[in-house]
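Please read the structure below before turning to the comments.
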Amino acid sequence: METVEQEHREQRKVDCQLLMPADQEDAITIMGTKKQKELIDGIEMVEQKKPSPSFNGTGRSPGRDQFFQYPGIMDDIQPLPDVAPPSLHRGGRRTREVEPGAYALGGGIRPAFYHPRMPSVAMTNNEVANDSEPTSFSSSLGQSCSAENETLVHAQPINDDSERGELPTAKPMSERAKIVWKKKIFLSLTVEMLVGIMVIIGIALVVSFRNNRLTQKVPQLKQQNGAIYMHTDGHGATQAPTTFMDGILKGLNLPDYTLEAMQDHRCPQYKAYQWFLENQQSLGTYPKWRLKQRFALATFFFATRGEHWVNHHSWLDWETHECYWEQQFTLKEDFSSFQCDDSGHIQSLSFLRNKLAGTIPKEMSLLSATLTRLNLLGNMELNGQIPSEIGLLTKLTVLLTFMTKLSGGIPTEIGLLTNLRVWDSKMTDLSGSIPTEMGLLRDLKELELASKEITGQIPSELGLLSGLTRLSLFSMGLSGTLPKELYQLPSMAFFWLGDCPGIDLGPIIPALAATQMLHLERVVLQGNQGTGSFPYNMGRLSSLISLSLNRFQLSNAIPSEIGELTQLTALDLQENLLSSSVPSELYLLFGLRFLVLNSNILTGHLPPQLFQSLRKLEVLHLHNTHFSGSLASEIGLLTNLKELELQSTSLSGELPSELLVLPNLTGISVANTSLYGSIPDGLCHLLHRNELECYGPHGCYPKKMTTSVCQGTVLCGCNCAPC
C-alpha cells in the first residue's frame, strides 16, 4: 500500500517539474474558497506563505518582469500531496483527462495553470505576514475574481466513496419549472407571430394607399339626386389608365374605336371606364366575358341616358348580377327585362317604352357571343344611326326598332345577320335605299320597314327570302314597280304595301291570286297606284282573313266571288270607285267583324239580311255613299256593334228605336241624312261623343267631329230641334 502511494508521489513530482520552466515564469495554482474547503475532505491550508506579486492598482496584471517580488518564491513550492494533477503540455492546454478521484470546487470556475499571458494571482506582503488568504484567483476563462481573507486550498484525492461526503449534484427540472419554460416559449412564438402579422398588414396598407393615390387622379362618377354625372379636374382631360387597368383592357380585346372614345370625357365609353375604375379592386374575380358584358351594358346605359329611364333599377350596381338588374319588371310588358342563360350570358334585352334617349353605341357588338333579341320599341327619343357594328351580332334573331327616331341609312352590314328572323322598323326616320344585302337573310320571317325617307326601288333580292311570311313596306319615296319575284314567295302570309304612291302596282290583285301565294292571310294595299277592276279570281285566296284595298282606285262592282272568302273577318274597300249594289254573297261572310265601304258610289238598299247574317259586326262604316231606303229595325241584332256611321247618305225614314238595345255602341253618326223622328234619350251621349276613324282590322282612332249631329236632319230631341 505504501509502495503504491510512494509511486504516486513520485509521479506527481515529475508532473510538477514538467510544468515549471527553468526560469520559474510558469506556476500551477489551484484555488478555492473557504466554503469549498469545508465541503471537500483532504483540503489543507498552505503552510508556507511567501510574498506574492500584487496588482499595480490599475486592474490589470503587472508586467512580465515585475510579476514576482521575490525571485526565490518558487523554490519552496512542492507538488500538492495526494493529488494526481492532469498531464498538461507547456502553455496550459489539456492533453489528457484528469485522473478520476480528484475533485475541486471553485464556484463554477475551473482551476487553471498560470501563464504569463493570463491574469495571475498575487499576494501582498501583508497577506503573507498575517497569514491571510489571497485576494484573487484566475481561471482558464481569463476571468478574475477578488475575495478578501480567502486562502489557497489544495484538492486532495478521494480514495473511496466514504470519503466523498455530500457533493453537489444536478437536480432534474421540476414540473412547475417546465410549465413556466413552456409558457415562455409559447409567449415568445405568439409575439413573433403577431409581429409577422403586423408586418403583413403594414405592407398591404402601403400597397392599398398607393393604389388609392393612383385612382384619385382619375375623374370619378358622382351621384346626386338620383342622377349620375362626371366629376373631373375641371379641365375635362382624360387621365392615363393605371397599369392594372391596362392589363384588364388588353385582356378584353376592345376595338380601337372603343379605346379611342375612352379618351374623351364626353363619351359614354369614358364613363363606363370610370365605372370600372371605381370597382377595380374586384375586377380580377370576374371572367373576361363578364367584364366585356358589363362594359357593353354600362356603355349602353350612359349612351341612352339611363339615369332618365322609366326603370333603371339596380343598373350599375356592382354587387348585383347584371341578369337581375331589372328582374322585378320581367312580367310587365311596359318595362324592360333581361333574359340570361344558365351561365349568366345575356340572351335578350328589352327596353320597351323605357324612355331611352341618345344613340345606340357600337359596343353593343361586344354581346355578339350570346345576344339573340334586342327590343327598343316605343322609345321615341332614341335617335342617331344604326351602327354598322350591328352586323357583328350574328346570333341576333329579333330586332325591334319600331316607333323610334333612328335615322340615316340602313347599314349594308345588316346582311351579316344570317340568323335574323324578325326586324320591325316601322315609324322611324330611316332614309336611303333598301340594301340588296337584305337578300342574304335567308332565315328572315318578318320584315317591316316604314319611313317616309326611304327611297329607291324595292330590290328584287327580297324574292330570295323563301321563308318570308310577313312583308310590310311604307314609304312615300319608294318608286318603280313591284318586283315579280315577290309573287313567288310560297310562305307569304302577310303582305302590306302602304302609302307608296310612286310604285305602280298595275293589276296586282289578279297577279296575287294567280301566284303561289296561296297562304296569304292578310293583304293591305292602301294609298298606291292600282288599276283595273276588282279581281274575279279572288276566291283562290281562301285563307284570307283580312283584305284592305282602300285608296286603290278600284272600279266596277264588288264581285260575287267575294262570298268564297269565308275566313274573312275584315273587309276595307273605302275610297275607291266601286259602284252598283252590295252582292248578296257578302251575307255569307258570317265571321265578318269590320265592314268599311265608305267613300264609294255604291247604291241600293240595306236589306234586313245584311244585319241578320253579319251579327259579329263591330264596325259598320257606310258614310259618303249613295245607299238609300230606310234603316231596317233588324239592326238591333248587331249586339256587338260599337261604331255606326251613316252620315252623308240617302237613307230616310224614321230612326229605329232598336238602336237603344245595342249595349256596346260607343258612337253613332247620322248627320246629313233624311232620317227623321225623335232621338231616344239614351243615344244623346253617343251623338255628342267624338267619332272614331277605323281602318278595318287595324283598330279605330278618335277624331274630332267637324259637323253637328243634327246638321241636315229633321231629327228632334237631344240637341236637335225640340220634338
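Residues in the stretch 563-599 that are within 60 Å of the chain's Cα centre (by Cα) and either open to solvent by 20 Å² or more (accessible area, probe 1.4 Å) or under 26 Å from CYS500 (Cα atoms) (or both): 21 in all. The set of residues in the stretch 632-663 being open to solvent by 50 Å² or more (accessible area, probe 1.4 Å) and of a type in the set (Gly, Ala, Ser) consists of SER633, SER650, SER657.
Considering only residues that are open to solvent by 60 Å² or more (accessible area, probe 1.4 Å) and within 30 Å of LEU544 (Cα to Cα), look in the stretch 664-723 and name the one that is modelled with the highest pLDDT. The extreme case among them is ASN664. I need the full set of residues from the stretch 364-382 which are more than 16 Å from THR299 (Cα to Cα) and in a strand (DSSP E or B), in order please. Those that are more than 16 Å from THR299 (Cα to Cα) and in a strand (DSSP E or B): ARG373, ASN375, GLU381. Against the test of being modelled with pLDDT of 95 or more and touching a strand residue (DSSP E or B) at 6+ places or on another chain (Cβ under 6 Å), the options THR401, THR436, THR412, THR397 yield a single qualifying residue, THR401. The residues of the stretch 600-629 that are open to solvent by less than 30 Å² (accessible area, probe 1.4 Å), in a loop (DSSP other than H, G, I, E, B) and closer than 18 Å to ILE562 by Cβ, listed by number, are ASN600, GLY604, LEU606, LEU614, LEU617, LEU622, THR625, PHE627. The residue that is farthest from LEU406 (Cα to Cα), among those in the stretch 465-491 that are of a type in the set (A, V, I, L, M), surrounded by 17 or more Cβ atoms within 10 Å (Cβ to Cβ) and over 41 Å from the mean Cα position of the chain (by Cα), is LEU489. Screening the stretch 510-551 for residues that are surrounded by 16 or more Cβ atoms within 10 Å (Cβ to Cβ), hydroxyl-bearing (Ser, Thr, Tyr) and in contact with a Gly (Cβ under 7 Å, 6 or more places away or on another chain) and picking the one that is modelled with the lowest pLDDT gives SER548. Of all the listed residues (LEU396, LEU291, LEU349), the sole one being open to solvent by less than 20 Å² (accessible area, probe 1.4 Å), over 18 Å from THR428 (Cα atoms) and in a loop (DSSP other than H, G, I, E, B) is LEU396.
Cβ separations smaller than 9 Å between residues 6+ apart or across chains give the following pairs from the stretch 607-624 residues that are within 14 Å of PHE594 (Cα to Cα) to residues that are aliphatic (A, V, I, L, M) and open to solvent by 20 Å² or more (accessible area, probe 1.4 Å): LEU610/VAL582; PHE611/LEU637; SER613/LEU588; ARG615/LEU637; VAL619/LEU692.
The values are calculated or read from the model by the stated rules, or taken from the named source; none is laboratory data. Note that the coordinates shown come from a computational prediction; the quantities given were computed from them, not determined experimentally. Positions of Cβ are backbone-derived with ideal geometry, glycine not excepted, and every protein chain shown enters the neighbour counts. Only protein heavy atoms, including side chains, enter the accessible area calculation; ligands, DNA and RNA are left aside. Shrake-Rupley method; radii C 1.70, N 1.55, O 1.52, S 1.80 Å.
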